[in-house]
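Single-structure report; data block below.
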Amino acid sequence: MATSSSFRECLESGILPDWSDILGPSSTSCRVASLSAGVRKIAAEKLSREGYVQLPSGIAPATRERLARSVARLLKLGWPPTFVMVLDEVWELYEGFGTWLPRLCLTGDFLAWYVEPGTKRRFGCRAGFSPHRDRVDPAAFFPDGGPKYATVWLAVTPATPENSCLYAIPAHADPGYRKGDGDQDPLRRALPTKESFQVVRCLAARPGDCNVFSHRLLHWGSEGSELPTMRRLGVGKGGTLEFLRRNKRAPPRIALSFVFSDPSFERPYVAGKPDVETRVALAAAQMLCYQDRWQLSKAEAVFFWRLASRRPEVFDPGYFRDKVRAEFVASALRSEGVAGSSNDDDDDDDDDAEEAALEAMLDGEAESSSSSYYWDDYDDAIRHHRLLL
């Protein structure tokens with residue numbers, strides 16, 4: 001185990017920390033509220049007709065506080081918040097949320113977010129994702145209109161317009177939701193006039209609330225305010241507005257997202273409830289899959305690749321080959337370094353990245369039944385793949 005738990009030192013040494021030193025011992029006492037028959041019926045109808053539904057999770061405040069502390073601790077040490085999936089509690093929640101979506105299976109597509117306006121912390125975010133759909137296939141629905149792919153987005157801390165929350169365009173107001181977007185901009189198509197902006201829904205959430213939405217919901221995360229919140233105002237003596245508590249801005253928005261899918265649409269990334277070593281490999285793999293968002297340095301990309309590729313046998317082959325490996329190669333062969341990363345890229349990092357990328361590419365070629373050739377020459381391989389990127 002590493003003598004330090006910081007990401008930078010682990011990045012340089014290649015030795016992982018004792019996760020219990022960072023996150024503390026796990027506890028599986030967290031529980032998700034079950035849905036009554038009436039709530040389940042209305043939630044299913046809303047998810048089918050509008051593309052989303054908001055539900056309280058019912059998880060205990062102690063569980064939310066534990067998750068928030070763990071994410072904050074990871075970020076303080078320079079680690080991505082997604083490594084909170086090492087905790088047993090995350091997988092207990094994953095299984096619990098699965099009871100809300102009985103036709104779908106957990107995929108392992110998990111992410112954690114720490115959004116704070118103006119933050120300079122590596123792997124912290126100043127805002128959420130820009131407008132997007134989680135998947136492009138408009139045909140992935142059951143005959144009753146229910147989605148074959150859905151996300152449960154859990155607000156660990158408050159998610160409000162002041163500190164960032166989700167916004168969405170409901171399915172009935174989105175022409176491309178079921179028919180597809182073709183080559184058109186889905187946002188411009190859904191909001192062609194000034195009046196059409198009135199359909200946008202603010203999905204603010206209290207701690208413990210969940211936004212459950214389909215793969216086709218057009219949604220985004222906002223940027224919060226760096227200024228103090230005015231929610232602490234109250235009427236004081238003399239009828240004047242005064243700050244009743246210390247005047248400070250809203251807390252960081254911490255959220256976790258859990259993805260579920262019908263295996264006919266997207267297969268689970270891992271089978272069953274993974275052990276700690278597999279969770280670490282999966283967290284690293286997820287960082288590579290979303291490398292464009294994090295703008296990984298070459299050293300970071302190689303570090304995550306080596307973690308993910310320690311246990312390739314635990315992953316679905318399509319996920320590991322088509323997503324993880326492909327995104328690693330794209331990140332490792334990026335022509336320029338990334339400012340603000342945990343380790344400034346230098347010539348040694350470039351060499352390590354290209355060497356690891358070549359090895360990954362050749363492994364991929366060896367595993368691909370459609371490949372008719374291998375590269376014996378290193379420079380030809382690198383040049384070939386750079387042309388494809």
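What follows is calculated from the coordinates using simple rules that are stated; it is not laboratory data. Predicted model only: the values in this text are computed from it and were never measured. Neighbour counts are summed over all protein chains in view; Cβ atoms, including those assigned to glycine, are modelled from backbone coordinates with ideal geometry.
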- So which lysines can LYS323 reach, going by Cα to Cα under 25 Å and dropping same-chain residues fewer than 8 places off? LYS148, LYS273, LYS298
- Estimated distance in nm for a label pair at ARG178 and ASP275, the labels positioned 7 Å out from Cα along Cα-to-Cβ: 4.7
- Message: Among 14-20, 185-191, 297-303, how do they line up by average Cβ neighbours within 10 Å per residue, starting with the highest?
- Response: 297-303, 185-191, 14-20
- Message: Multiplying the sequence separation of GLU95 and TRP220 by 0.36 nm and subtracting their Cα-Cα distance, what value in nm do you get?
- Response: 42.4 nm
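Set the Förster radius R0 to 51 Å, insert the Cβ-Cβ distance between ARG103 and ARG306 as r into 1/(1 + (r/R0)^6), and round the FRET efficiency to 0.05.
On the way: r = 37 Å, r/R0 = 0.72.
E(calc), rounded to 0.05, equals 0.90.
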- Gained length - GLU355 relative to ARG267, 0.36 nm times residue gap less alpha-carbon distance: 28.6 nm
- Spelling it out for TYR149: with amide H atoms placed in the peptide plane at 1.01 Å from N, the residues 5 or more places away or on another chain with amide H under 5 Å from its amide H are HIS215, ASP262
